[in-house]
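Novice: Structure incoming, see below.
The values are calculated or read from the model by the stated rules, or taken from the named source; none is laboratory data. Since the structure is predicted, the reported quantities are computational estimates derived from the model, not experimental observations. Methodologically, a virtual Cβ is constructed for each residue, glycine included, from the backbone with ideal geometry; neighbour enumeration extends over all protein chains shown.
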């Protein structure tokens, strides 16, 4: 191809993805609940910018409703589970996690069996998708430009591999950052980056650092978020070559983390990583005067100044100038809305990273944490009074809001930019660290360290031998002389 | 202060640094030659946006001319050296480095003495500045919002400490990334990040990784870019408390690296680090038809179609559509202009990171490298023919150009944003990793590893002892029974 044509082609491609024409084709492998709510913000924006977005959704989907009026396309596929099966499974997962004993060791040991249950469920759905020939043919024919997935719901990376389409992840975390570290090669220091689920901060005492290290060792060598043996076997069968789940996940071109430095402890990054936390936050719209979300029978004791709603727009409520505090279970989406609007929090974390989330805003002085199991009515009232009446909580929340709003470009725009970048260039190879081409012992320089130690040992051995040999010779000569 | 006032104050501050009013006061501690040329781009932009920029320049300054008509203020201070002294010193430094033997070991050993010479020179100037009471009083009274400095020319961090003003670094590299790693706490992996000055790539063979590790060990334990003992003593004296050069440098709020992923091998980052390479590049202006830069007597053999100029605008020349190749010594500024305009290169590196720079563009397929000492006329001609006639060089250079131009915001805008951010918020504490609060053995978790190993050893010892005790008891019982 001549240079003229090449340049023209490059130019056309650039114009295409920057204009509002429907140029990009995005395939989405979503995860339910709050993950979907966050992902949908990105998808809506992609649609607004003229891209064609197709979401794969099963017949048992819970929140991801293909019948919602939307410019997003939904590709519904049948699975052998019902919506009730899936909902009960998720409820079981959440209930079990919430019930996990607070003890350090019990928690660590219980987590594994819980994730095995979740892994098997996800694998079942993935198998049904991939074996659905009609669906796979349709996806092949659609010629997508990018696959968008979440690390906590595998299968997206397999679809990307089968369809030969670059992959972008949107993620909050995986337990112990294990996937991020093992697949994404994200550098990590156990000395000042608390492993997620540890509930530690970035300023740790000696014993906290020991605890963090034990967590790292546990997540590295004992814990498996997904039952890897089963997944590795399935991925290898489908792709027709020996591979692993983690290797396939590691092919992701870009990693969008749903967090930012107002909330997250500063930690090492890579060029193909962006922290886009709070991308769903926006200025609030006006609200009616008094509000109360309640899903059930209206209590008899309710005063006439309290209105009941089944659901209210949380962002608008948090952005209301009279909102004094936010009582939250500590989900990342809600916390970011409170941060964006500078509202101090009372946290009642339930499961997953919620305790870590609350600890983070607590460490920044913008929240009080309570334990839902053990707190009394007075504890709750005192906590609420504290965040409302002690001005430091409001000041700190306002500071987090300032940091969140003071970025060179908005998180949503950054997310869209890098998804479009991957579409434009069929990947982001220039941002990919060479760490992906190393084995684990090469990555940790174990072979090099071993070789250098062997060299030093050999040198010490040879020098010692020579020295002893010389000493002996010297002694023999001495003896000989004495005899003479 | 009430919340209303606090919010108003925050708002005023925000408006101030975003408007074109002269709100920010920037103090600059510059480094000569190409470092100054790059820094000046940032300063000109800061001035354009309404900030007041003051550059500290000595009576012996070479390129930094306080008499140039500019909106930048120059604060000229006398030193006991003349311009000739300084120029000769720099020439000596460059000549010595250029002459350094190509051998791996000789190079490593010669580098240290070369830097000692440079360090003493810089320390002398720094001492004269700090002891200049009139100047220091004036600087104190100016109440600057930020100090801008370059890591290869110390003293800026001391001034920032004395004046109690946040510090931002602009830097290309320091040998072995030693300052970046030790002061900035930039994470580093010797397995896939070649130490600068090693001339290695990010894809290394086993022996190359051994070489890289030796470099790392050398730069960590044997090499000192600045004669640290002298600097530590001086900084401690001035600040009236025991401190070190590296500790003072580590207080920098933000690090602006003059490189980007089109050119740099992807490596770990931190949130308070931005790669802003190529910030000086811009579309080319038209040029006269034929050009030849020549600083001396006009050669007799020169044809009538060749014009001689003492200096030509390199960026405009590289951006000319008829420019086919760029013959370069491999300075970062020039390479970035070639990358921006997609021009393939023939590299004749001289010293410092120039060989690494040329190797980087060579690794990306956009350059041929020659050795100025050993090359023949034919080698040179062949190299030039190769980059002009083999279309892959142009294609790869165009690809680098595409990556350079396809960023969410331009490098210069990013640099300005973070300098303004530091001014607005009197620092960038939220982006600062907690690694800065750890000792070196805590940072590497050596105490934790030691403790865990001791625990394991104790457990093994106790279990073995118990086992042996039981065995003995069992044996004794057996003997007793036998006797009975």
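Novice: Answer with yes or no whether residue A:80 is in a loop (DSSP other than H, G, I, E, B), closer than 19 Å to residue A:130 by Cα and touching a residue at least 40 places away in the same chain (Cβ under 8 Å).
Specialist: In short, yes.
Novice: Another question, then. Applying the selection to region A:188-215, what residues are part of a helix (DSSP H, G or I), surrounded by fewer than 21 Cβ atoms within 10 Å (Cβ to Cβ) and touching a residue at least 24 places away in the same chain (Cβ under 8 Å)?
Specialist: A:211
Novice: Follow-up question, since we're still on this one. Hey, does region A:411-424 have a residue that's in contact (Cβ under 8 Å) with a residue 12 or more places away in the chain, crowded, with 19+ Cβ neighbours inside 10 Å and outside any helix (DSSP H, G or I)?
Specialist: no
Novice: Same structure again: Whether any residue in region B:235-253 is under 21 Å from the mean Cα position of the chain (by Cα) and within 11 Å of chain A (Cβ to nearest Cβ) is what I want to check.
Specialist: No, that holds for no residue.
Novice: Condition first: over 16 Å from residue B:122 (Cβ atoms), free of Cβ contacts under 8 Å to residues at least 60 places away in the same chain and either within 14 Å of chain A (Cβ to nearest Cβ) or surrounded by 22 or more Cβ atoms within 10 Å (Cβ to Cβ) (or both). Now tell me which residues in region B:142-176 satisfy that.
Specialist: Across region B:142-176, the qualifying residue is only B:176.
Novice: Before we move on, is residue B:93 in the same structural domain as residue B:157 (by the TED database), under 23 Å from the mean Cα position of the chain (by Cα), assigned to a helix (DSSP H, G or I) and at pLDDT below 85?
Specialist: Taking the combined requirement at face value, the residue does not satisfy it.
Novice: Within region A:425-438, work out how many residues are surrounded by fewer than 18 Cβ atoms within 10 Å (Cβ to Cβ) and at the interface with chain B (Cβ under 7 Å from one of its Cβ atoms).
Specialist: Selection size over region A:425-438: 1.
Novice: Let me ask you something else. In this structure, does residue B:447 turn out to be without any contact (Cβ under 8 Å) to a residue 24 or more places away in the chain, in contact with a helix residue (DSSP H, G or I) (Cβ under 6 Å, 6 or more places away or on another chain) and within 14 Å of another protein chain (Cβ to nearest Cβ)?
Specialist: In short, yes.
Matching residues to (1) loosely packed, with under 15 Cβ neighbours inside 10 Å; (2) touching a helix residue (DSSP H, G or I) at 6+ places or on another chain (Cβ under 9 Å); (3) free of Cβ contacts under 8 Å to residues at least 24 places away in the same chain; (4) in a helix (DSSP H, G or I):
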{"site": "A:32", "(1), (2), (3), (4)": "no, yes, no, no"}
{"site": "A:36", "(1), (2), (3), (4)": "no, no, no, yes"}
{"site": "A:39", "(1), (2), (3), (4)": "no, no, no, yes"}
{"site": "A:53", "(1), (2), (3), (4)": "no, yes, no, no"}
{"site": "A:61", "(1), (2), (3), (4)": "no, yes, no, no"}
{"site": "A:64", "(1), (2), (3), (4)": "no, yes, no, no"}
{"site": "A:67", "(1), (2), (3), (4)": "yes, no, yes, no"}
{"site": "A:118", "(1), (2), (3), (4)": "no, yes, no, yes"}
{"site": "A:124", "(1), (2), (3), (4)": "yes, no, no, yes"}
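Novice: Tally up the residues in region B:334-360 that are part of a helix (DSSP H, G or I), closer than 21 Å to residue B:322 by Cα and touching a strand residue (DSSP E or B) at 6+ places or on another chain (Cβ under 7 Å), please.
Specialist: Residues that pass the stated criteria total 3.
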